[in-house]
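Let me begin by presenting the structure, written as structure tokens, before commenting on it.
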Amino acid sequence: MNKHILWILQEWKQQKKFILIMVFLTVISALVSIAYPYMFKIIIDKLKDITDNVNKYPEPMKEVYRILWLLGAIGLGQLIAGIYPAFRAWVNYRFEFGLRTRYFRYISEKDSRFFSKFRTGDLVTRLTNDITDFPKIAWFLGSGIFRAFNSFITIIFMLIAMFKLNAHLTIYSLIPLPIMLVVFYFVMKSLQERYANNQRAISKINDQLEMSFSAIHIIKAFACEDKYNRFFDTALEHRRQTEIKLIQLNATIMLLWEYISYFAQIAVIIFGGMMAVKGEITIGTFMAFYTYLGMMIYPLLDLPQLFLSGKQAFVNMDRLEEIREYPTSLERFRGDISPGKELHSIELDKINFTYDAQAIFKDVSIKIDPHERTLLLGAVGTGKTTLIEILTGMLKPTSGSININGIALEMLNRKEFLEMLGYVPQEPLLFAGSVHENVHFAAKKASVEDYKAALLTAQIADEVGQMEDGDETDLQQRGSNVSGGQKQRLTIARALIRKPQFLIFDDITASLDAQNEMKLWEAMNKYYPATGALVVSHRISTIQYADKIIFIKENGKVLMGTHKELLKLDEEYRHFVAEIEDYHKKD
Amino acid sequence: MKSNKNTNIKVSLRLLIPYLLREWRLFSLGLVTMLLVSVAKLIDPLILAHVVDVSVPQADTGDMLHYAGLFVGVVMISGFLTWAQIVLLSRLGLRIITELKGRVFKHLMKVPVSFFDKRPVGDLIARVENDSERIRTLFSDLSVRLIGNILFFIGIVIVLGMRSKAMALGFLIPLVFLSLSFGLFFRYIVKFYRQVRERYSQIASLLTEYIQGMPIVQIFNREKDVIARMDKVSSAKMRLETKTGFLEYGVQGFFIFVVNTALLGLVIVMLAPKIIDGTYTIGTLIIFTQYIMRITWPLIQLLENLMQVQRSFVSMTRIQELLDLPKEDYHTGENIVPTFEHEIEFKNVWFAYEEDKWVLRDVSFKIPSGSQIALVGPSGSGKTTTISLLCGFYQVQKGSILIDGIDINKLNLKKWRQKIGLILQDIFLFPGNVLENVRIYNDHITPAAVQRSLVAVQARKFAEPEQMEKELSERGQNISQGERQLLSFARAMVYDPELVIMDEATSSIDSVTEAKIQHSMKTLLTGKTAMIIAHRLSSVLKADNIIYMEDGKISAAGRHEQLIKICPEYKNLVKLQFPGGADE
């Protein structure tokens, strides 16, 4: 419980002024609401007095009017308090905005382990569904807590008024209170569990929706539209079950609550009625008590509601905190040392990497010359992408270090190092926006020449020119106006536009055909002569463009050298290269 | 798509009524309980009035206790009924939206591929999920309060009318006037709610993109930019919502003032003289004021509920928009069963995704049954489009695609697709494990069959039962790019198609593994037809016919040896692919 309260207080600190105004408005609002029944008691007693003692009042209506002025004043107070809900809503929205921004930032600081554990749909849910609207976090931080606070204050004021009117009756009507609190506590835990189950089910469904819509071509091509629904039906049904359980429990709690508070009203009718009959209290007091106790139901319901919605909100808070707390190896880069202006050397020093008890890399020590072109070869699943991730710091090796210009990566200002790199991913990940915006993603202020050079080298300049909107063409997710190959070449342009010192190409075979690859290397020689590259390729012809080869063996060891050197040195390499030659010779 | 209030209502009712009719038992039971609850709420002021007017002045304890007992009874029953109505109606609501969601999803599966080309996935998800939830509240709290309060209001008018028609009118007229004026207000405000929902979808969309692409963002050191963009969109929503909130609650606050203060004051001013002169009793005043106090919140809620109903209608409209999307036409009408015994022919095909932006220009070729055709050419030459057309994803503007002489537009598309096995460049993973990813939840395909095909594509390690049950994470981080390729390969194999269509599928697999695949491919393709967008010389050399495309046109076609001689661009490609391969 403690950590959640701390969390709430920290969030409130962010909106200090607003919270204070809320407190003020809450008090005004409570005052106004208890003033009405009290005022009403005065009117009734006055009227009774007038009808019973006609002679005392020569101008009866004058008395009535005097009281009505009071009513008018209270009404004005009501108008002011009227902005209270709007203000509360405003505070909710501020919380929502603050939370989303902050936790998105936390996500941007995570490494690739995080993204393999959490699916995108789930993360998006946590930053939207878990935060927005009733009864989620943003609502709870503002309205949730303050409604309860409002109710609490209202009840306190009510009790003061009631005690002032008649102490005995007040005590009689308050007997049910302790019972309420006890009953309520028993049911809380069950509710929390059901709520958490429900949230998990919601995330799961969003995940599945996303995956399914993304893969629609395959589903249709295999004529599986009908079969595919089977899985979704199961998930939906599961969600319905968890939701029903939650609702029923909520409703039952409300029922118990209402019954117990009705007892209070019944107590007033019986005891208060008796007292009125005996003349111990006036009719006006009787009505006032009745009204107050009738008014008390809702604020009283708000109190356990605070705990209930709190429990629910805590689940959501935990889901957010899970994001923040998930360790990221990116934190290890606290270094400040600048790598300098030029990249001289990239060294892997005794790198070991184990995943799922499997050794992917064993004792890898190689030096990459950033002015050269190095080809990364290896069979499927040997970890080429993993090596790149370790190199760039996206993944932490089990042991060993990466040294850039002789300094360990952890010591360096990693951001400066990254600015020297250009990266082309295996999948053409682009963002919503125009071609121009996407290529300029990492270099908003690039010159027109640099832009043109990037497009030309990526072998996409002509095609961009031929697009109807040219480079203002909008890239939609899975847009059909730009083909897969074109998207991949755009990612090349994106990497090149900032004139990197070193280019990392995770799978040139995915981006370019052999013809375009040749043109790429020619253009690289022309426009980016000093830029070296680390290239993953499955095409044997790439060897001719490479100065050195890094070969990842099946056992996790890594060899480096020229093509000729490796052919002489290692049988597995010979076998690897020869397979294709043999194969092609067969035909 | 512009909708006004009337369209929203019509659409929503059209959507809802079939469900309500089907679940009529739950629905009517819910209504009956609501009615009873409203009646119960009317009774207790009457009891109070009696106590104040009769029991107390007459000092009649017995009478008072009698009425107190009556009060207890009414209160107990009404509490129970309230519980019942919530549970019943929530059940109803859940059942309805669960089915609705399923329906929408299934419908979207049937919508043509072109729809998904234009739509951000995040937006679609926001629709199906969030809008359905809005509809659900329509059934739980919303209708309970709305209908319950309307019934309550009618009851008040009747009860007051029984005492005095003048009083009833005095009550009715101002409140009706107030409700009407606020009705106008809502018409104004509902558009803001729609905008807010749209901003929410936008946020979900953007978040989806940026989170999916976070590795790119990080490696390009662009976290700040992306966060700033996210902020912008998020704060736009906040501003809009805040403005709407102030409007909504400002008007509400004014309304409360009018009822609680102005109206109440008026009532007292009018009744006080009559009480003083004895026409009416104090009990009457109590009844009047109790009803007014009790109707204030329900009336405000009525208006708020109407707002929420409006929002739900907007959500329903958005859902209906999805359901109204035209389904893909599978051409089941004439139900011509496709055969593929002779050949597929592209006859003077012209195709454009968008008006006049031709991607294919006058493309003609034949795929004889049993042959293997390779499609080569520079990126963007129309190869991917060609195979999309073969799958029947789009319709050509000019020319025709004939399967055994019959136009593909006349064939039963589903049956045609059952003859195809598709392997794409982008490897999509489905939610679930390896087994389901290979068979796409088609339970007609046995796990044993899946195992066999996994072995055939050299993905033996996945064929073990524990491995087949392994859940695949979204980015497939627990399997490599190459292994994903193998899975998509196994998928094509297990469906045993007559025509295999492959788009550069083997380009990301290393040569060793590829060689093994080619080996087993030979076995698979015996007796089958294949169309392969080739980026590797190996597939091209084995082809019976190679089609070389450039700019949406076929530049040349023929066997490898012929093309080397007649097509210089082709020769160039081969030269690069395999040094020495062009010398024969």
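The values are calculated or read from the model by the stated rules, or taken from the named source; none is laboratory data. None of the values given here were measured: they were computed from a predicted structure. Here the Cβ positions follow ideal geometry from the backbone for every residue, glycine too, while neighbour counts run over all protein chains shown. Side chains included, ligands, DNA and RNA excluded: accessible areas come from the protein's heavy atoms. Shrake-Rupley method; radii C 1.70, N 1.55, O 1.52, S 1.80 Å.
Suppose every Lys and Arg Cβ carries +1 and every Asp and Glu Cβ carries -1, with no other charges. What dipole size does region B:27-157 come out with about its Cα centre, to the nearest 20 debye?
1040
Pull up all non-local amide H partners of residue A:533: gap of 5 or more, or a different chain, and H-to-H distance under 5 Å with H placed in the peptide plane.
Under 5 Å from the amide H of residue A:533 lie the amide H atoms of A:372, A:373, A:374, A:503, each far enough along the sequence or on another chain.
With an 8 Å cut-off on Cα pairs and a minimum separation of 6 or more residues, tell me the relative contact order of region A:19-164 in percent.
38 percent.
Of B:368, A:31, A:560, whose Cα points farthest to the positive end of the dipole of the protein assembly as shown (charges on the beta-carbon: +1 Lys, Arg; -1 Asp, Glu; origin at the Cα centre)?
A:31
Just name one of B:317, B:253, B:279: the one whose Cα is farthest towards the positive end of the charge dipole of region B:238-349 (beta-carbon charges, Lys/Arg +1, Asp/Glu -1).
Value: B:279.
Using a 1.4 angstrom probe on the protein heavy atoms only, line up B:110, A:564, B:41 by accessible area, largest first.
In descending accessible area the options line up as A:564, B:41, B:110.
Hydropathy first: keep DSSP H helices in chain B averaging at least 0.5 on Kyte-Doolittle, then drop any whose Cα extent along the axis falls short of 27 Å, and list what survives.
B:24-50, B:61-110, B:143-163, B:165-212, B:282-323
Once both labels are modelled 7 Å past Cα along the beta-carbon direction, what's the residue A:344-residue A:76 spacing in nm?
8.1
Taking only DSSP H segments of four or more residues, each worth -39500 (n - 2.57), what value at 222 nm results for chain B once the sum is divided by all its residues, to the nearest 500 deg cm²/dmol?
Helices in chain B give a 222 nm mean residue ellipticity of -20500 deg cm²/dmol.
Give me the 1.4 Å probe accessible area per residue for chain B, excluding ligands and nucleic acids, in Å².
39
In region A:495-579, which GluC sites (Glu not before Pro) fall in coil by DSSP and have 13 or fewer other Cβ atoms within 10 Å?
Here the sparse-neighbourhood loop sites are A:554.
Mind checking the full-extension length gain between residue B:400 and residue B:47? Use 0.36 nm per residue of separation minus the Cα-Cα distance, one decimal, nm.
118.8 nm
Arrange the residues B:559, A:66 by how much accessible surface each exposes, largest first, with a 1.4 angstrom probe.
A:66, B:559
Relative contact order (percent) for chain A, with alpha-carbon contacts under 8 angstrom and 6 or more residues of separation?
Here the relative contact order equals 14 percent.
Normalised by the residues of region A:279-434, what does the relative contact order come to in percent, with Cα pairs under 8 Å and at least six apart?
Relative contact order for region A:279-434 comes out at 27 percent.
For chain A, what is the mean residue ellipticity at 222 nm derived from helices alone (per DSSP H run of n ≥ 4: -39500 (n - 2.57); sum divided by total residues; nearest 500 deg cm²/dmol)?
When only DSSP H runs of four or more count, the value is -20500 deg cm²/dmol.
Taking the Cα centre of region B:211-282 as origin, sum charge times position over the Cβ atoms of Lys and Arg (+1) and Asp and Glu (-1), and report the length of that vector in debye to the nearest 20.
320
By the scheme Lys and Arg +1, Asp and Glu -1, what is the net charge of all other residues having a beta-carbon under 14 Å from that of residue A:445?
Taking every Cβ under 14 Å from that of residue A:445, the sum is -1.
Within 10 Å of each Cβ in A:382-391, how many Cβ atoms from other chains are there, averaged over the peptide?
2
To the nearest 10 square angstrom, how much accessible area does residue B:87 have with a 1.4 angstrom probe?
About 20 Å², ignoring ligands and nucleic acids.
If you stretched the chain out fully between residue B:522 and residue B:180, how much longer would it get, using 0.36 nm times the residue separation minus the C-alpha to C-alpha distance?
So the extension gain works out to 115.4 nm.
Roughly how many nanometres apart are two label points built 7 Å out from the Cα toward the Cβ at residue A:297 and residue A:555?
8.0
Distance check, please: which entries in A:16/A:41; B:366/B:415; B:118/B:237; B:410/B:553 exceed 30 angstrom between their Cα atoms?
In this structure, A:16/A:41 lie more than 30 Å apart at Cα.
Between rounded, prolate and oblate, where does chain B land on the alpha carbon gyration tensor, with a ≥ b ≥ c its root eigenvalues, rounded for a/c under 1.5, else prolate if a/b exceeds b/c?
prolate
Mind grabbing the accessible area of residue A:469 for me, 1.4 Å probe, Å², rounded to tens?
90
Just to be sure I understand the model, the point goes 7 Å from the Cα along the line to the Cβ. What's the resulting residue B:353 to residue B:7 distance in nm?
2.8
Using a Förster distance of 35 Å, how high is the FRET efficiency between residue B:163 and residue B:72, based on the Cβ-Cβ distance and rounded to 0.05?
Step by step, r from the Cβ atoms, then E = 0.90.
For peptide B:54-64, what's the mean number of Cβ atoms from other chains within 10 Å of each residue's Cβ?
Counting other chains' Cβ atoms within 10 Å and averaging over B:54-64 gives 3.
Straight-line reach only, C-alpha to C-alpha below 14 angstrom: list the aspartates and glutamates that residue A:278 could link to, leaving out same-chain residues fewer than 8 apart.
Those aspartates and glutamates meeting the cut-off are B:60, B:63.
Average partner chain C-beta neighbours within 10 Å, per residue of A:150-161?
0
Provide, for region A:356-450, the number of lysine pairs with alpha carbons under 17 Å apart, each pair being eight or more places apart or on different chains.
Lysine pairs, 8 or more places apart or on different chains, close enough: 6.
Choose one of B:139, B:65, B:20: the residue whose Cα lies farthest towards the positive end of the charge dipole of chain B (beta-carbon charges +1 Lys, Arg; -1 Asp, Glu; about the Cα centre).
Positive-most Cα among the choices belongs to B:65.
Using a Förster distance of 45 angstrom, determine the FRET efficiency expected from the C-beta separation of residue B:246 and residue A:410, and round it to 0.05.
0.35
About the Cα centre, and with charges only on the beta carbon of Lys, Arg (+1) and Asp, Glu (-1), how big is the dipole of region A:499-562? Nearest 20 debye, please.
Charge dipole, region A:499-562, about its Cα centre: 180 debye, nearest 20.
Take the Cα of residue B:60, step 7 Å along the line toward its Cβ, and report every residue of region A:237-280 whose backbone nitrogen sits under 18 Å from that point.
So the set is A:270, A:273-279.
I'd like the FRET efficiency for residue A:53 and residue A:83, computed as 1/(1 + (r/R0)^6) with the beta carbon distance as r and R0 of 41 Å, rounded to 0.05.
E between residue A:53 and residue A:83, to the nearest 0.05, is 0.40.
Rank-order A:218-230, A:403-415, B:148-160 by packing density, defined as the average count of other C-beta atoms within 10 Å over each peptide's residues, highest first.
Top to bottom by mean Cβ count within 10 Å: A:218-230, B:148-160, A:403-415.
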